[in-house]
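Each remark here refers to the structure printed beneath this line.
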Amino acid sequence: MSAVVIVGAQWGDEGKGKIVDLATEHADVVVRYAGGPNAGHTLVVGNDKLVVRLVPSGILQPHSVCLMGQGMVVDPAVLLTEIEALEQRGIKVQGRLFVSELAHVIMPYHVLIDGLRESGAAQKIGTTKKGIGPCYEDKVARRGIRLGDFRDLDRVRTLLAAAIDAWAPAMKAWSATLPSPDALLDDLAPLAKRLLPLITDTGALLDEAVRANKRVLLEGAQGTLLDIDHGTYPFVTSSSAVAGGACTGAGIGPSRVRRVIGITKAYATRVGEGPFPTELLDEAGTRLRDRGGEFGSVTGRPRRTGWIDLPALRYAARVNGVDGWALTKLDVLTGLDPVRVCVAYDTPSGRTADLPLTELDRCTPVFESLPGWTEPLEDVRTIDALPKNAAALVRLIEDKTGIGADIVSVGPRRDQTIVVRDIFR
Ligand code: GDP
Ligand code: IMO
Ligand code: MG
């Protein structure tokens, strides 16, 4: 058994791209299991930077096979643009990238509806406006259109007509109109034709790899607190971001998963609306944003910044079954003094070390302060070489969550990493 899940433990943007790209050096197959082009996973090799939104973050390691699982929602135009950008960089995609025939297609009307809803809503979610929510809604309403359907365009035309009918009352309320199935197909058919050679039964490919004892990475998107079931609902995305979602989203049985690695920054960020109890609205927050480059990789929006939340991490450890942490962006805390860490919450019914998920807006975080450090960390390669106070923060996170750090990341590049333990061990 050699499948390892890499899952975001916060509100996304924890550094999944970097860690998956790095870990792919030792992996044969990488599968993205959830979300769509709402994700932006940054890969930095040397001085080169690339953001992938749909394609798995293993694509830069030439030996790996990359699969996009059926838990994903795929915008064909975005995927083709991404593939072109990769090919322009000389990265081979043909024969290495395969997309599930069961993955649902984000249609132009999903993007339109996402935008209309966000602009008019009394309670905004702050979505990425990439059509994610409406596409998953159609999937659950059993009127979605899957990539494999494009093998038969007449079938797609019929499905489009039914979906357009279903959205008609909402469109009327927004005084908007949708294109006809034929007009939509005129645009979509050429895109689908180019994608068809990549579309296959990725679950079968994954099963073959697992049976052959290949090393498999299951790459999450978004993060635990954005998960549709386990996140800060309704301020969440519409997919199963947690480790359990890797099984349904990639098509692999739980008994085949060997380990779960939770990724967390050494502080916290969130994009979009919703509760964020440890948020910093002062100069320290601005400093974290500037030093950490905390601007959305998809939308460019400034990310909200705050202190690390250990009750939230303990919660993420529980719902994902985290075996080890990948702690990222420790270098960003250099120069902040003190460094604060949320260790508990004061709730209407008393103090708790657990995350009061459903009443976050009525709770106050309780902080511990740690002395900071001034040394840059980018060149540190072992835990022992960390400044004493940085090592103390890592230890506190490990102690309070009961989970060790397998990886500590001290910069965006692959080599700027302290590998404590092999994640495939
Ligand atoms: P993802 O969505 O989880 O893949 O994360 P993003 O790529 O959206 O955001 C993480 C950002 O932090 C990217 O710009 C990464 O290049 C960068 N990054 C990742 N790890 C580190 C680190 O340890 N230190 C610093 N300074 N930057 C990092
Ligand atoms: P990665 O994979 C951070 C957030 C949006 C919004 C909410 C719902 O890069 O970590 P959606 O467009 O999904 O309906 O928006 O979820 N969100 C993310 N935030 N990183 C992401 O992905 C995100 N994907 C969605 O900002 O609050
Ligand atoms: Mg991101």
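The values are calculated or read from the model by the stated rules, or taken from the named source; none is laboratory data. Source: prediction; values computed, not measured. Positions of Cβ are generated from backbone atoms using ideal geometry, with glycine treated the same way; all protein chains shown enter the neighbour counts. In case anyone asks, the SASA skips ligands and DNA or RNA and just uses the protein heavy atoms, side chains included. Shrake-Rupley method; radii C 1.70, N 1.55, O 1.52, S 1.80 Å.
So the values come out like this:
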read-out: Selected residue [within 22 Å of G231 (Cα to Cα), touching a Lys or Arg at 6+ places or on another chain (Cβ under 7 Å), open to solvent by less than 10 Å² (accessible area, probe 1.4 Å) and outside any helix (DSSP H, G or I)] from T264, T269; value: T269
read-out: The lone exception for D48 - which of (1) within 12 Å of ligand 3 (Cβ to nearest atom); (2) over 24 Å from D323 (Cα atoms) it fails; value: (1)
read-out: Members of region 352-370 found to be open to solvent by less than 80 Å² (accessible area, probe 1.4 Å), in contact (Cβ under 8 Å) with a residue 24 or more places away in the chain and part of a helix (DSSP H, G or I), listed by number; value: L357, L360
read-out: Among (1) part of a loop (DSSP other than H, G, I, E, B); (2) in contact with a Pro (Cβ under 6 Å, 6 or more places away or on another chain), the one test that C342 misses; value: (1)
read-out: Any hit, region 247-257, residues being closer than 21 Å to D229 by Cα and open to solvent by less than 10 Å² (accessible area, probe 1.4 Å); value: yes
read-out: Some residue of region 371-389 being surrounded by 12 or more Cβ atoms within 10 Å (Cβ to Cβ), touching a residue at least 40 places away in the same chain (Cβ under 8 Å) and under 26 Å from G321 (Cα atoms); value: no
read-out: Yes/no for R304 being open to solvent by 50 Å² or more (accessible area, probe 1.4 Å), within 24 Å of W373 (Cα to Cα) and within 16 Å of ligand 2 (Cβ to nearest atom); value: yes
read-out: Only listed residue being in contact with a Phe, Trp or Tyr (Cβ under 8 Å, 6 or more places away or on another chain), modelled with pLDDT of 95 or more and among the basic types (K, R), chosen from R351, R381; value: R351
read-out: Qualifying position, being among the hydroxyl-bearing types (S, T, Y), within 16 Å of ligand 3 (Cβ to nearest atom) and either closer than 23 Å to A250 by Cβ or outside the structural domain of Y233 (by TED's automatic domain parsing) (or both), among T177, T127; value: T127
read-out: Matching strands (runs of 3 or more DSSP E) fully within region 9-96 where at least 2 residues are more than 13 Å from ligand 1 (Cβ to nearest atom) and open to solvent by less than 20 Å² (accessible area, probe 1.4 Å); value: 29-32, 65-68
read-out: Of the criteria (1) within 16 Å of ligand 3 (Cβ to nearest atom); (2) surrounded by fewer than 16 Cβ atoms within 10 Å (Cβ to Cβ); (3) within 20 Å of V44 (Cβ to Cβ), which one D290 fails; value: (1)
read-out: Meets criteria (under 20 Å from G251 (Cα atoms) and touching a Ser or Thr at 6+ places or on another chain (Cβ under 9 Å)) for R117; value: no
read-out: Total residues in region 219-240, condition within 8 Å of ligand 2 (Cβ to nearest atom), part of a loop (DSSP other than H, G, I, E, B) and closer than 18 Å to V73 by Cβ; value: 8
read-out: Close pairs from region 31-60: first in contact (Cβ under 8 Å) with a residue 60 or more places away in the chain and within 12 Å of Q222 (Cβ to Cβ), partner near ligand 1 (Cβ under 10 Å from one of its atoms) and in a strand (DSSP E or B), Cβ under 6 Å, at least 6 apart; value: R32/E219; G40/V51; H41/V52
read-out: Residue in region 313-334 that is on the phi > 0 side of the Ramachandran plot, loosely packed, with under 15 Cβ neighbours inside 10 Å and not in a helix (DSSP H, G or I) present; value: no
read-out: Within region 191-209, tally of residues that are within 18 Å of A246 (Cβ to Cβ) and among the β-branched types (V, I, T); value: 1
read-out: Filtered residue count, region 116-139, keeping only those that are open to solvent by 20 Å² or more (accessible area, probe 1.4 Å), in a helix (DSSP H, G or I) and either in contact (Cβ under 8 Å) with a residue 24 or more places away in the chain or among the small types (G, A, S) (or both); value: 5
